[in-house]
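Heads up: the structure comes next, in structure tokens.
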Amino acid sequence: MGRLQSLKNLARTGLSRVASTVAKPGRKVGYIGWVGHANLGDEAMADAAAHLLGQRPEILSTPRVEQMLAAVRLGGKARHRRAFVGGGTLINGGYIDLVERCLDAGVAMATLGTGVGSPGFSAGESAFDSRWTAALNRFDRVGVRGPHSLAKLHDNGVVRAEVTGDLALALTPDAPLASPDARTILFNTSPGQTAQDVANLAAFDRAAAQLLGELVADGWKVMPLAFHADDHPPIAAVLAAAGMGGAPIYQPRHFDGYAALARHASLSLSVRLHGSVLASMCGLANLLVEYRGKCRDFAESVGMESSLVALDGFSADAMQAQFAALLADRPDRGRVLHAACLRYRTGLERYVADLT
């Protein structure tokens, strides 16, 4: 971040915190996460954190900004009675500096359904940063998304970790929202960044276009769903290839908007991880493209490993077979997924209650 941008960030964050203090005095709860970038999955997780905490947590800034704000009691222990490393796959190289800054400033810390590994198409899987071991062993509690994240932490000396499920699961409705007999499918694809990801996704997109075209010919409706503005071009290309050029693409901003669409559907096919997370919460049987380790982490946490579509070495025939099995058993699969998500909701509520 450039010096001018850093100063703007400092001023904006500081003024916001002064205003927040005037409106409601007292120490706050901090939140580390990728928030404010119009990504549905990240916003759903931030909303879930607010739901669990009974208040909107304060988003923490860069290590330098937090250090400077701590000097005037707008950051650090004087400001934040606790900070959570929130939803998303954040236990990697991207956030460790901020976490160490918070710990050194005396802030009590815990994770909240956090994942370990690559955050997505922007980065491949990399070696575990050993600084996280020392940092996480200073946390009050370490709750992670799924069994793969747990195994990575255990393998690297973090002994007190536990699986709490993806943070978004805290918003799971009391009853499934999906319409099991509806002939409507939610569809998402996403752009890659590396040459290999782009090539793999092109193969998936071709197969998805063929599948969607066949469904429409059989009387189904497709509801295209962007989780971020970046999804629009690849979704539009798939729709055009499937004979649905110009069809509207939905882009809900929060979980409520997604849930309103899910009520009309019985299936979901998604590249975005939270396309599967939110579908499962609503009781939608779904297939998820396994583009990074975080996808299997979530899938194994809710028992849907057989619904992972391999992106490396992608096979259109294999996806067709997975989809046929899903189609034949969609009501039961949806109910099982919702029940698993509901159990995690209960666990997340208990986890936060024990900390607060």
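The values are calculated or read from the model by the stated rules, or taken from the named source; none is laboratory data. Only a predicted model underlies this, so the values are computations on that prediction, with no experimental measurement involved. A quick note on method: Cβ atoms are made from the backbone with ideal geometry, for glycine too, and the neighbour counts reach across all protein chains shown. Remember, those area values only see protein heavy atoms, side chains included, never the ligands or the DNA or RNA. Shrake-Rupley method; radii C 1.70, N 1.55, O 1.52, S 1.80 Å.
Select from the range 171-202 the residues that are closer than 25 Å to Arg330 by Cβ and among the small types (Gly, Ala, Ser) and write down the one among them that is surrounded by the fewest Cβ atoms within 10 Å (Cβ to Cβ). Per the stated criteria, the residue is Ala175.
Let's see how each residue does on (1) at pLDDT 95 or above; (2) open to solvent by less than 10 Å² (accessible area, probe 1.4 Å):
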site: Arg17; (1), (2): no, yes
site: Leu40; (1), (2): yes, yes
site: His51; (1), (2): yes, no
site: Leu60; (1), (2): yes, no
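Restricted to the range 203-244, and to residues there that are acidic (Asp, Glu) and more than 23 Å from the chain's Cα centre (by Cα), the residue that is nearest to Asn39 (Cα to Cα) is Glu214. Out of the residues in the range 115-155 meeting the condition of being among the aromatic types (Phe, Trp, Tyr) and open to solvent by less than 40 Å² (accessible area, probe 1.4 Å), tell me which one is nearest to Asp97 (Cα to Cα). Ranking the candidates gives Trp132 first. Could you please let me know if Arg27 is open to solvent by 30 Å² or more (accessible area, probe 1.4 Å) and either modelled with pLDDT of 90 or more or farther than 24 Å from Thr114 by Cβ (or both)? Against the criterion (open to solvent by 30 Å² or more (accessible area, probe 1.4 Å) and either modelled with pLDDT of 90 or more or farther than 24 Å from Thr114 by Cβ (or both)), Arg27 qualifies. Within the range 80-97, the set of residues being open to solvent by less than 10 Å² (accessible area, probe 1.4 Å) and over 15 Å from the mean Cα position of the chain (by Cα) comprises His80, Ala83, Phe84, Ile96. The residues of the range 1-15 that are open to solvent by less than 90 Å² (accessible area, probe 1.4 Å) and either in a loop (DSSP other than H, G, I, E, B) or under 30 Å from Leu261 (Cβ atoms) (or both) amount to a single one, Gly2.
Of the helices (runs of 4 or more DSSP H) entirely within the range 248-356, those holding at least 2 residues that are in contact with a helix residue (DSSP H, G or I) (Cβ under 9 Å, 6 or more places away or on another chain), open to solvent by 10 Å² or more (accessible area, probe 1.4 Å) and closer than 24 Å to Thr114 by Cα occupy 255-262, 293-302, 330-355.
Taken over the range 133-145, the criterion of being touching a residue at least 24 places away in the same chain (Cβ under 8 Å), in a helix (DSSP H, G or I) and hydrophobic (A, V, I, L, M, F, W, C) is satisfied by Ala135, Leu136.
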